[in-house]
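Once you've had a glance at the structure underneath, I'll fire off some questions.
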Amino acid sequence: MFVSASNYAKNVDSVMLYIIGISVALLLIITFAMIIFVIRYNRKKNPIASQIEGNKTLEVVWIIIPVALVLTMFFYSFSVYKESRVVPPNAMNVKVEAKMWAWKFYYDNGKVTDTLFLPAGRPVKFNIVSQDVNHSFYIPAFRIKEDAVPGRENYMVVKPEQIGAFDIACAEYCGLNHSLMYTRVYVVPEKEFAQWLNGEVDDDYLRKYVASHSEGYKDYLSGSYAILFAKGCVQCHNIDERKGIGPSFPELRRQFARVNVGGKDTTVVIDKEYLRESILYPETMIVKGYEKQAMPSMLNKIKDEELELIVDLLYSNFVKNKQ
Amino acid sequence: MANGVLAERLENYLEHKTHKGIFAWILSTDHKRIGILYLVSMVTFFWVGVTLGFLMKLEMLTPGKTIVDAQTYNTFFTLHGIIMIFLFIIPGIPAVFGNFFLPIQIGARDVAFPRLNLLSWYLYIIGGLFAIASLFLQGGPIDTGWTFYVPYSIRTTTNVILPLLGAFILGFSSILTGLNFITTVHRLRAPGMTFFRMPLFVWALYATAWIQVVATPVVGITIVLVIIERALHVGIFDPALGGDPLLFQHLFWIYSHPAVYIMILPAMGVVSEIIPTFARRTIFGYKVIAFSSLAIALIGYFVWAHHMFSSGMSNTSRAVFSLLTFLVAVPSGVKVFNWVATLYKGSIELRAPLIYVMMFIFLFSIGGLTGLVLGSLATDVHVTDTYFVVAHFHYVMFGGTAIILFAALHYWFPKMFGKMYYEKLAIWATPFIFIGFNMLYFTMFILGYNGMPRRYWSYLPEYQTLHIISTVGSWILIAGLAIMFGNLIYSLFKGKPAEANPWGGVTLEWQIPSPPPAENFEEIPVVNHGPYDFSIINGNSDGKS
């Protein structure tokens, strides 16, 4: 709840607290005054009303005070917001390309990724474009978003500060799979990031780095999961224990799965054959509790060697690795 | 009992039939019957919208699929929005209570153009049928969201043109009603009914009517442009055809932001009627409230781009629109202070309409104050297009306008139908509505600040607890609504006959029998005092002279 991963995010939270603080005070004054008046001036206690038509001083006061209050809110908020619009000279450029329903990130040296990797402590200017309809590039932990609009390039500036993995969502409605258009940003130290950018280490190295230097995500330390990201498995199946749209990978450690085969419940042993079948023909055996949303078949969508790689990975890292 | 004698002599509008059977309704040019026509059709559309909302919340019970797939969910929120906004909230209070009470409150026998008034209702029904017809057609119902954002609305394969035409036709209904009301206020006021003796409900309707007339054509033209672009591939908004998507957003919000005031101003007018009546005292700051309606209508034109802070506008526009948005909050706040001050040293009778008004003041204040979070740039770019916004506009539109529509239904029910509703049942419905409402929508503020985007069919599992609370809230709320409407419908048949002036109100509608005579007034009244002059009544006698 309320994860914040940069100074900017903390500043936005302060603006929020300022506005909400004043608002709660006003709400309480209004509500209590209303309730007290209704009780105090009940017809039984006060059978004759006083006909008060107004009070100039009071009315001027309660116009001026709100104007003053909202002006302070405006200036405070604007001064914080500027940070996300002013591009510092040392900013790194990343091009963000949205299309139905995935993200792509382009680095200046030609590197292209599906998940975003950023160095901690350095401002980044995102140049945001769309291939088709409107999307919105939203990183809740950084408290910021900017629309990806076809035909134009929008920008926003972020300075990540905390090592960790954070969600990236699409916030502008873009059709069927709008709600599944998630990816992640991994924030790593500048040194590791430079190594990665130069091709000295791979994506997986950075994910493991994040796993070992931040909360959660510990499962990542036991294997190389790059392919699960490349093939989109992690959109529905989590590497940690969190429940997703499909069962999480650590659930494979149970050795047996309760599945629904042709309308009947049965228990199967989780072996390599089961994993292979479940990837190519997911509808034949659906894990109990996940009947609602069938997984799309991967038949003809992945190569044989990729299938074997995934099966081996899941088998050795989850089924056989009981931790 | 002058009124009783009057009632015996004059046929009331329900007895007075110009045609047989249903035609007495659908061919009537009586503003009161047209008001009832709107009421029945609107309540029907409202329950369609509620059903869609109920199904959407049920789908949100679990991440992934609960009852429907993503495509169906996307059409649900689109139709929920179109129905609730274009068929319920926008016509809402003006079409029902404006039609019924505007002529009576200014001492007129009807609106200025009675036939045009009936035409508006037909346009409303035709537009409504167009809007929901896509449900039954090949290609499936529209899935663009009620905002119809281009390019998606140009590219989706669902039925977009039909609902757009529906919205276009509804626009005409709205413009014609606006014209009718402006003319009525200018031309048909009774002798002595100066502008500053008009009830504040009339002031609110008058300000609203101007927005309807001036802003609605913009959305009409925009809709036609989208239809042309979709049907003929003329590049206007879609960059693939050489157009500009931001142009659409600007044009859309130039109407749709003032439309928010079309929705809320009449409700504010109703509040300014109910509070004086139940507090038995004159309103605090009559002129300030009247002028703040006009101020809101005017400044409301210049804040539309606050819906677009993350769309890629220049930094200067972002700053200017943020500043103006903060300023438009002030007149609404002033109204709230005035209403609460009107309760001070009143002689307050706590009946169902006043309870709804108190609920309104609380919920609308939350809606308005969270609007400050959305006007502020730093916080808006975090919460825009999330559940925070969904919560905010439901607090304003539902907690504001719809709750006051319910208040108005109770307040004017005896006058409109000549029957009393059951007070105890009416009061019993309120805690269900209040608790259900807050469970349903307050959770959305928290979800939104935590980064849950709106229009999501599925969501990350960490949001589930709040979604469950919200869904359960929707059930409680619907139970409350069922009790409330059930009570009113039952009272329609079994309620005790209502007196001419059950609340002791002083505006003109309370000086004629319940239900009102077909021609409203036997003799057009001469007005010689302000609308909330309680000093002249003692008991239940003449506010007219």
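The values are calculated or read from the model by the stated rules, or taken from the named source; none is laboratory data. Predicted model, so just to flag it, every value in this text is computed and none were measured. FYI the Cβ positions are ideal-geometry reconstructions off the backbone, even for glycines, and counts take in every protein chain you see. Surface accessibility is based on the protein's heavy atoms, side chains included, excluding ligands, DNA and RNA. Shrake-Rupley method; radii C 1.70, N 1.55, O 1.52, S 1.80 Å.
Past 24 Å, Cα to Cα: identify those pairs from A:LYS288/B:LYS65; A:LYS44/B:LYS345; B:LYS32/B:LYS335; A:LYS10/A:LYS82; B:LYS424/B:LYS494, in the order given.
Long pairs (Cα-Cα over 24 Å): B:LYS32/B:LYS335.
With a 1.4 Å probe on protein heavy atoms only, work out how much accessible surface A and B bury together, total over both chains, in Å² to the nearest 100. Walk me through the intermediate numbers first.
Numbers: alone 19050 and 20840 Å², together 32250 Å².
For A against B, buried area totals roughly 7600 Å².
Over the stretch A:92-215, what lengths in whole Å, largest first, do the semi-axes of the equivalent ellipsoid take, defined as the square roots of 5 times the eigenvalues of the alpha-carbon gyration tensor?
Ellipsoid half-lengths, sorted descending, are 24, 15, 13 Å.
Cα centroid distance between the stretch A:62-129 and the stretch B:183-236, in Å?
The stretch A:62-129 and the stretch B:183-236 have Cα centres separated by 39 Å.
If I model a spin label at A:ILE35 and A:VAL87 as a point 7 Å from the Cα along the Cα→Cβ vector, what separation in nanometres do I get?
Rounded to a tenth, the inter-label distance reads 5.3 nm.
Which of rounded, prolate or oblate describes chain B when judged by the alpha-carbon gyration tensor and an a/c cut-off of 1.5?
Since a/c reaches 1.5 and a/b is larger than b/c, the shape of chain B is classed as prolate.
Another question, if that's okay. Compare the Cα positions of A:ASN300, B:GLY448, A:PRO282 along the charge dipole of the protein assembly as shown (+1 at Cβ of Lys, Arg; -1 at Cβ of Asp, Glu; about the Cα centre) and return the one farthest towards the positive end.
Result: B:GLY448, furthest along the dipole toward the positive end.
Let me ask something else about it. What does the structure give for B:145-151 when I average, per residue, the other chain Cβ atoms found within 10 Å of the residue Cβ?
3
How about B:LYS496: which aspartates and glutamates have a C-alpha closer than 14 Å to its C-alpha, ignoring those fewer than 8 places off in the same chain?
B:GLU423
Find, to one decimal place in angstroms, the Kirkwood hydrodynamic radius of the protein assembly as shown, where the mean of 1/r is taken over every pair of different Cα atoms and then inverted.
The answer is 29.2 Å.
Assign unit charges at the C-beta atoms only (+1 for Lys and Arg, -1 for Asp and Glu), then state the dipole size of the stretch A:1-107 relative to its Cα centre in Debye, rounded to the nearest 20.
Numbers: 11 positive and 5 negative charges, 57 e Å.
Computed about the Cα centre, the dipole is about 280 debye.
Given all pairs of different Cα atoms, what value in angstroms does the Kirkwood hydrodynamic radius of chain A take?
Answer for chain A: a Kirkwood hydrodynamic radius of 23.7 Å.
Please label the shape of the stretch A:226-319 as rounded, prolate or oblate, based on the square roots a ≥ b ≥ c of the eigenvalues of the alpha-carbon gyration tensor (a/c under 1.5 means rounded; beyond that, a/b larger than b/c means prolate, else oblate).
rounded
Counting only pairs 8 or more places apart or on different chains, how many lysine pairs in the stretch A:92-215 have C-alpha atoms closer than 26 Å?
29
Please get the size of the charge dipole for the stretch B:2-536, origin at its Cα centre, with Cβ charges of +1 on Lys and Arg and -1 on Asp and Glu, quoted in debye to the nearest 20.
With Lys and Arg at +1 and Asp and Glu at -1, about 560 debye.
Rank by packing, highest mean first: peptides B:121-129, B:423-431, B:339-347, with packing defined as the count of other Cβ atoms within 10 Å averaged across residues.
Result, highest mean first: B:339-347, B:121-129, B:423-431.
Moving on to the next point. Taking all protein chains as present, what is the carbon and sulfur share of the accessible area of the stretch A:92-215, in % to the nearest whole number, probe 1.4 Å?
So the carbon and sulfur contribution to the accessible surface is 45 percent.
By how many nm would the segment from B:THR51 to B:ALA240 grow when fully extended, if each residue of separation counts as 0.36 nm and the alpha-carbon distance is taken off?
Answer, rounded to one decimal: 64.3 nm.
If you don't mind, another one. I'd like the mean, over residues of A:189-199, of how many other protein chain beta carbons sit within 10 Å of each residue's own Cβ.
Per residue, the average neighbour count from other chains is 0.
Tell me which of B:ILE228, A:ILE245, B:SER376 sits at the most positive position along the dipole axis of the protein assembly as shown, charges placed on C-beta atoms (Lys, Arg +1; Asp, Glu -1).
Among B:ILE228, A:ILE245, B:SER376, the one farthest towards the positive end of the dipole of the protein assembly as shown is B:SER376.
What is the mean number of Cβ atoms from other protein chains located within 10 Å of the Cβ atom of each residue in peptide A:65-78, rounded to a whole number?
6
Related question: Could you tell me what % of all Cα pairs in the stretch A:7-84 have separations over 20 Å?
Value for the stretch A:7-84: 55 percent of Cα pairs lie more than 20 Å apart.
Any chance you could list the semi-axes, whole Å, largest first, of the equivalent ellipsoid that the Cα gyration tensor gives for the stretch A:31-133, using √(5λ)?
In descending order the semi-axes read 58, 19, 12 Å.
Based on the mean of other Cβ atoms within 10 Å per residue, sort peptides B:53-65, A:29-41 so the most packed one is first.
The most tightly packed comes first, giving B:53-65, A:29-41.
Would you mind working out the magnitude of the charge dipole of the stretch A:226-319 relative to its Cα centre, with +1 at each Lys and Arg C-beta and -1 at each Asp and Glu C-beta, to the nearest 20 Debye?
It comes to approximately 340 debye.
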